[in-house]
Amino acid sequence: MKYEIQYSPAYALGTVHLEAGEKIQAEAGAMVSMTDAIKMDTGVKGGIMSGLKRSVLGGESFFINTFTAEQPGHVTVAPALPGDIVALDLQGEVLLVQSGSYLASTADINIDTKWGGGKTFFSREGLFLLKCTGNGTIFVSSYGAIHQITLAAGEKYVVDTGHMVAFDETVAYDVGRAGGWKTTMLGGEGLVCKLTGPGRFYMQTRSPDSFLAWLTPKLPGKRE
């Protein structure tokens, strides 16, 4: 399988080239186009319970589309919002992906949910992360550009919860206030995620929550 990502970071489009017999799985609605040699099948990967966990708990679609090349061809995928796509290769590592950032992956990547624990109770992104394991390639997407940071062992970093995309399971994390209560309530930052290396961390340069907070008061019509 070969792939290319075009038009980053604002309007990224991922093109996945498949040889005969190769497959790729994608979030429902992620497909933009495909050649006539590609067969699409919609199902619930891992069974009904796995689909419910991803949908209800992980914030992803209940269904997964699988694209199989009957002859050499390609599939293009893109996120719903203007933003970036990054392809990450997994060789036995575990990648934790924030709700809404999973786009597509090779068929040998397993997608499950992971309990975030009580420390994520007040996080705007929810209680569950998608746990991605296996040997293959996963495509994650963002609102805005994706910025990678590699943390050394013991190195700490703080990021707004609305800017999380994905991180290695080796990265420890905790959700808390950016500062004191005055800073949290009046500083506009709310809650932050406190990361501790080692491992890779990916963040998005824009926050959908912040955009909606800016946009909603400007929409016409009655608001209660």
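The values are calculated or read from the model by the stated rules, or taken from the named source; none is laboratory data. Small disclaimer: the values here were computed from a predicted structure and weren't measured. Virtual Cβ from ideal backbone geometry, glycine too; neighbours counted across all protein chains shown. Side chains included, ligands, DNA and RNA excluded: accessible areas come from the protein's heavy atoms. Shrake-Rupley method; radii C 1.70, N 1.55, O 1.52, S 1.80 Å.
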Cβ pairs under 6 Å, 6+ apart, first in region 14-39 and touching a residue at least 12 places away in the same chain (Cβ under 8 Å), second among the basic types (Lys, Arg):
HIS17/LYS2
Mind checking which pairs have a first residue in region 75-91 that is buried (at least 16 other Cβ atoms within 10 Å of the Cβ) and a second that is assigned to a loop (DSSP other than H, G, I, E, B) and of a type in the set (Lys, Arg), Cβ under 8 Å, 6 or more apart or different chains?
GLY83/ARG206
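Going residue by residue through region 110-117, is there one that turns out to be modelled with pLDDT of 95 or more, part of a loop (DSSP other than H, G, I, E, B) and either farther than 30 Å from GLY43 by Cβ or of a type outside the set (Lys, Arg) (or both)? Can you show your working first?
Of the residues in region 110-117, the ones modelled with pLDDT of 95 or more are none.
No: zero hits.
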Scan region 188-198 and tell me whether some residue there is at pLDDT 95 or above, surrounded by fewer than 19 Cβ atoms within 10 Å (Cβ to Cβ) and within 27 Å of ILE111 (Cα to Cα).
yes
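Taking the options THR161, THR183, name whichever one is open to solvent by 40 Å² or more (accessible area, probe 1.4 Å) and at pLDDT below 95. Quick ask: steps written out before the conclusion?
Numbers: THR161 fails: open to solvent by 40 Å² or more (accessible area, probe 1.4 Å).
Step by step, each of THR161, THR183 is checked, and only THR183 is open to solvent by 40 Å² or more (accessible area, probe 1.4 Å) and at pLDDT below 95.
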Evaluate the following for LEU81: is it under 13 Å from the mean Cα position of the chain (by Cα), modelled with pLDDT of 90 or more and not in a strand (DSSP E or B)?
yes
Among the strands (runs of 3 or more DSSP E) confined wholly to region 1-54, which include 3 or more residues that are open to solvent by less than 70 Å² (accessible area, probe 1.4 Å), among the hydrophobic types (A, V, I, L, M, F, W, C) and at pLDDT 95 or above?
13-18
